[in-house]
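J.: Quick one: this structure, given as structure tokens, is what I'll be asking you about.
Since every read-out is calculated from the coordinates, none of them should be taken as a lab result. Only a predicted model underlies this, so the values are computations on that prediction, with no experimental measurement involved. Because the Cβ atoms are built from the backbone with ideal geometry, glycine has one as well, and the counts that use them run over all protein chains shown.
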Ligand code: NAD
């Protein structure tokens, strides 16, 4: 395992500033940002005061007047220029992403940044045209979509670039303005894309305000914010929803998951092991839609576990800046400690662990080994909880009805997948799984036009697709007598 010296990286030779009303501004207070590969401080980020949050919201409110009245095509062109400006700085964005988040620079950081830029450019080309739904001799009915006002975006630390820009592009193209608050664990990439926005977007249209969790609460309670677009944990999502009721804010909540993958006996299981491995362990398992429970038919489960372990054994955990690294560290110490407790529970209960299982706490970085738990009981913590780390239970099942019931027996409902040689059987099972997205014989496909959101306690509303764009608007009905 190797570690670089990040504090010497050229991308860190800059001051990180808030973006408020088109100005890059410092804050009186700052907070430390750590590299999870070695827990050294790599930068100090501005901790905005509550007064600065007020200024950002007021700026977004002022900017809304002009921005919302501009023709859609003009807003679209402006956002596409933003995509070009991001493209020009994407290597720096990738460096920053790996340095603050930990994910491998040459694989996951690259794909996150490139996907985010593609999203900004392509979402800017989408539209929500007014529909004429009735046109008779006497009467016309039109349904239009009008912007909401100021949107507050609150983002997590696992995909800070992609999940931030997923919100920025649809919010702005529909005519809203935004105040975005990144996670205090990963503020640098958002402050950096704010710096780029300052050069191409009109003042106040996008404001980036970093600091503590209390800023998020200030946003949810604020009467001048019309909507909160939140991605994070279910526990925080509930608090967001509760305090957003003060002015009946719109809320879109993208929350936690405990996704099941079901591998039937007739699946070409040797061939799909790489797909299943990366779907569970990509981003070191710190992924809302990571496979978190892998159910495999008992007739193949022992052989499957052996082959899965063989594949997983070759994957290298290390510093994301090292080109040889497949999986980076856990992003922050809080999450690392949570995982440690889950590993301890697995050890204390004597579950079979054919790979990994021991976290070496003497290491400087938050490194956690790829860990597989063979057939733990259905009511174990490792099956019931969202670990958000590189540990996966592979559980045997005999009966399809039983596995559907087990997959659905969770308060979460984000995504799921079914793997089989019989496509029709797979689709029949998919229709009975209670989740916002279900894949059959593929996984983790996303698209600009594909709505994504959770059922049950995994969320409310969707991002992406026509529906996701429409969630940044009010529906307005016009009726005209001829
Ligand atoms: P978190 O809920 O701890 O924090 C998310 C954001 O909320 C941060 O910016 C934080 O500062 C802010 N926040 C904290 N308290 C707040 C409050 N009272 N009011 C308003 N904002 C507040 O989540 P996290 O640990 O950063 O992210 C991990 C979680 O996110 C996991 O559960 C994961 O499954 C989920 N997630 C979901 C999706 C999805 O699309 N469904 C995507 C990524 C992550």
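J.: Using a Förster distance of 41 Å, how high is the FRET efficiency between residue 133 and residue 14, based on the Cβ-Cβ distance and rounded to 0.05?
T.: The formula returns an efficiency of 0.20 here.
J.: Also, I was wondering about something else. Can you figure out the FRET efficiency of residue 445 with residue 311, using R₀ = 25 Å and their beta-carbon distance, to the nearest 0.05?
T.: The formula returns an efficiency of 0.70 here.
J.: Kindly state, to the nearest 0.05, the FRET efficiency for residue 474 paired with residue 122, given R0 = 25 Å and r defined as their beta-carbon distance.
T.: Efficiency at R0 = 25 Å is approximately 0.55.
J.: What translational diffusion coefficient, to the nearest whole µm²/s, does the chain have by Stokes-Einstein, given a Kirkwood radius computed over alpha-carbon pairs, a temperature of 10 °C and 1.306 mPa s viscosity?
T.: It diffuses with D of about 68 µm²/s by this estimate.
J.: Against the longest alpha carbon principal axis of the chain, how many degrees, from 0 to 90 and to the nearest 10, is the axis of helix 234-244 turned?
T.: For 234-244 against the chain, the angle is about 20 degrees.
J.: State the extension gain, in nm to one decimal, for the chain segment bounded by residue 88 and residue 482, taking 0.36 nm per residue of separation less the distance between their alpha-carbons.
T.: Working: separation 394, 0.36 × 394 = 141.84 nm, distance 5.21 nm.
Full extension from residue 88 to residue 482 adds 136.6 nm.
J.: Calculate the length of the line joining the C-alpha centroid of segment 401-417 to that of segment 69-86, in whole Å.
T.: 41
J.: As a footprinting exposure proxy, order 87, 134 by other Cβ within 10 Å, with the fewest listed first.
T.: 134, 87
J.: Would you report the distance distribution of C-alpha pairs in segment 199-334 as whole percents per 10 angstrom bin, up to the bin with the largest distance?
T.: Result returned by the calculation: 10, 26, 24, 22, 14, 4, 0.
J.: Just order 345-358, 38-51, 414-427 by mean Cβ neighbour count inside 10 Å, highest at the front, would you? Working shown, then result.
T.: Details: 345-358: 15.0, 38-51: 17.9, 414-427: 20.4.
The densest-packed peptide leads the list: 414-427, 38-51, 345-358.
J.: Segment 318-439: percent of C-alpha pairs farther apart than 21 Å? Provide the component values of the computation, followed by the final result.
T.: On the way: 3688 of 7381 pairs.
Here the tail beyond 21 Å accounts for 50 percent of pairs.
J.: Separate question: Once the Cα atoms of helix 72-88 and of the chain are each reduced to a long axis, what angle between those two axes, in degrees from 0 to 90 to the nearest 10, is obtained?
T.: 50
J.: Write down the percent of antiparallel bridges among all DSSP beta bridges whose residues are both part of segment 259-447, to the nearest 5. Working shown, then result.
T.: Values: 2 of 24 bridges.
Of the beta bridges lying entirely in segment 259-447, close to 10 percent run antiparallel.
J.: Quick check on the exposure proxy: order 143, 120, 251 from fewest to most C-beta atoms within 10 angstrom.
T.: In increasing order of surrounding Cβ atoms, one gets 143, 251, 120.
J.: Something else about it: Using the alpha-carbon centroid of each, what span in Å lies between segment 217-245 and segment 424-471?
T.: So the separation of the two Cα centres works out to 23 Å.
J.: Restricting the count to DSSP beta bridges whose residues both fall in the chain, what percent are antiparallel, rounded to a multiple of 5?
T.: If we restrict to bridges inside the chain, about 45 percent are antiparallel.
J.: Something else: For residue 248 and residue 299 in one chain, what is 0.36 nm times their gap in residues minus the Cα-Cα distance, to one decimal in nm?
T.: Taking 0.36 nm per residue and subtracting the Cα distance, the gain is 13.1 nm.
J.: Could you state the angle between the C-alpha long axis of helix 301-313 and the longest principal axis of the C-alpha atoms of the chain, as a value from 0 to 90 degrees rounded to the nearest 10?
T.: The answer is roughly 70 degrees.
J.: Oh, and also: Multiplying the sequence separation of residue 199 and residue 44 by 0.36 nm and subtracting their Cα-Cα distance, what value in nm do you get?
T.: Difference between extended and current length: 53.5 nm.
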